[in-house]
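Since the structure comes first, as structure tokens, the remarks are kept for the end.
Here, each number is a calculation from the coordinates, and none is a lab measurement. Keep in mind the model is a prediction, meaning the values are calculated, not measured. Don't worry about glycine lacking a Cβ; one is built from the backbone with ideal geometry, like all the others, and counts go over all protein chains shown.
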Amino acid sequence: MSDSTLAQKIANFDPNALGDAAGGLFGLPFTPEEAQVVVVPVPWEVTVSYRAGTAQGPAAIREASLQVDLYDADLPDAWKLGLAMEEEDEAIAQISRELRPVAADYIGWLEDGQPAKGAAQHSAVPARITAEGDKLIQWLKDKTGALLDAGKAVAVLGGDHSTPLGYLHALAERHSEFGILQIDAHCDLRPAYEGFQYSHASIMYNALQLPQVKKLVQVGIRDMCQQEADLIEHSVGRVALFGQRFMSEEKFAKKSWKKVCGKIIAQLPQKVYISFDIDGLDPKLCPGTGTPVPGGLEYEEATYLLRMIVRSGRTIIGLDLNEVAPGDTDWNGIVGARLLYQLCNWMAVSQGRLTAKGKAD
């Protein structure tokens with residue numbers, strides 16, 4: 001589409017009107033081809049180990065996005081940027097639906113002590129799911145790589161937290177080094193959790209296998225196992241943990257959130273990838289998520305940290321938002337949609353695609 005046609009779309013769009021259900025993400029009029037920021041939905045949740053539902057996250061966020069007001073005092077013209085979400089790949093969703101009960105039965109067998117009666121039935125399950133995980137990684141690597149090469153900024157929308165690994169592979173082919181900021185209740189540093197190489201609980205362990213990932217900065221962690229603690233301790237500083245206990249103690253000592261954010265950001269390299277598991281927020285904001293844990297960040301704490309990262313001069317080269325599950329309330333999608341809007345817009349600011357108002361924090 002020509003620039004003049006795109007300009008006409010912007011001129012004809014009323015950002016004060018009700019969200020147009022016939023439009024795109026947030027009711028915006030842009031196609032992925034026109035947009036500067038493209039969201040890739042990945043409706044996949046094969047290895048979730050507690051509650052399911054995250055595969056419906058992208059659809060819930062898209063529906064809730066129609067109720068989001070587009071004005072932001074820091075980014076008043078953000079909607080003109082061009083933000084769009086691709087259609088879900090039904091083949092990916094279908095494979096997830098087929099494999100989820102297979103994985104659930106296998107996990108149940110493990111929890112029962114691996115009785116001999118079910119050994120023949122379950123022995124091949126991990127290899128089967130790993131093979132499909134390899135396909136998912138390649139599919140997402142190719143898709144996001146093509147978007148990056150077309151000049152787009154890309155956000156991946158899960159699904160469970162295993163989903164963005166292919167995107168990280170694509171970025172690793174295009175950047176010699178970068179860091180990951182992970183906002184999460186869990187470390188996700190377990191190798192092949194429950195026998196699944198690409199478990200949602202193994203995403204950061206797998207990310208660290210990429211030599212281009214020079215630093216992993218974890219924020220909001222409040223559930224971890226000894227194996228993960230040992231990995232962090234022996235990472236020689238490659239993994240920096242800012243757990244809930246640390247953040248609470250800073251708060252109780254009357255340290256400002258601004259100062260805590262400064263400590264977090266000081267650990268990040270110039271190029272940053274953000275991996276946002278919504279269970280990193282207080283569970284009152286995401287009650288439907290698969291593995292909720294007491295504690296967590298407030299919404300404004302998370303978005304303030306995001307703004308400070310960008311205003312520090314760092315570049316957000318990519319991001320994912322995952323583990324949003326609709327549950328039995330629209331609240332999960334409502335929070336997820338607003339968080340996605342902030343993440344995408346501030347990534348665009350960091351890449352010079354959009355200008356923010358206001359002073360640096």
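Worth a mention:
- Single unsatisfied condition, residue 283 versus (1) touching a residue at least 24 places away in the same chain (Cβ under 8 Å); (2) under 17 Å from residue 50 (Cβ atoms): (1)
- Residue in segment 27-39 that is assigned to a strand (DSSP E or B) and closer than 15 Å to residue 87 by Cβ present: yes
- When residues in segment 325-344 are screened for being part of a helix (DSSP H, G or I) and among the charged types (D, E, K, R), 1 of them pass.
- Test: residue 232 is out of contact with any Phe, Trp or Tyr (no Cβ under 8 Å at 6 or more places or on another chain), under 23 Å from residue 153 (Cβ atoms) and surrounded by 19 or more Cβ atoms within 10 Å (Cβ to Cβ): no
- Qualifying helices (runs of 4 or more DSSP H) (wholly inside segment 67-159; at least 1 residues being closer than 19 Å to residue 321 by Cα and either free of Cβ contacts under 8 Å to residues at least 12 places away in the same chain or touching an Asp or Glu at 6+ places or on another chain (Cβ under 9 Å) (or both)): 90-111, 125-149
- Any hit, segment 42-53, residues being in contact with a helix residue (DSSP H, G or I) (Cβ under 8 Å, 6 or more places away or on another chain), assigned to a strand (DSSP E or B) and buried (at least 17 other Cβ atoms within 10 Å of the Cβ): yes
- Residue 289 vs. criteria touching a residue at least 40 places away in the same chain (Cβ under 8 Å), surrounded by fewer than 16 Cβ atoms within 10 Å (Cβ to Cβ), under 30 Å from residue 49 (Cβ atoms) and β-branched (Val, Ile, Thr): no
- Of the residues making up segment 131-142, those that are of a type outside the set (A, V, I, L, M, F, W, C) and either surrounded by 20 or more Cβ atoms within 10 Å (Cβ to Cβ) or closer than 22 Å to residue 47 by Cα (or both) are 132, 133, 134, 135, 138, 141.
- Positions within segment 178-218 being of a type in the set (D, E, K, R) and outside any strand (DSSP E or B), in sequence order: 184, 188, 190, 194
- Residues of segment 62-92 satisfying the condition of being over 13 Å from residue 132 (Cβ atoms) and aliphatic (A, V, I, L, M): 64, 66, 68, 70, 73, 75, 78, 81, 83, 84, 85
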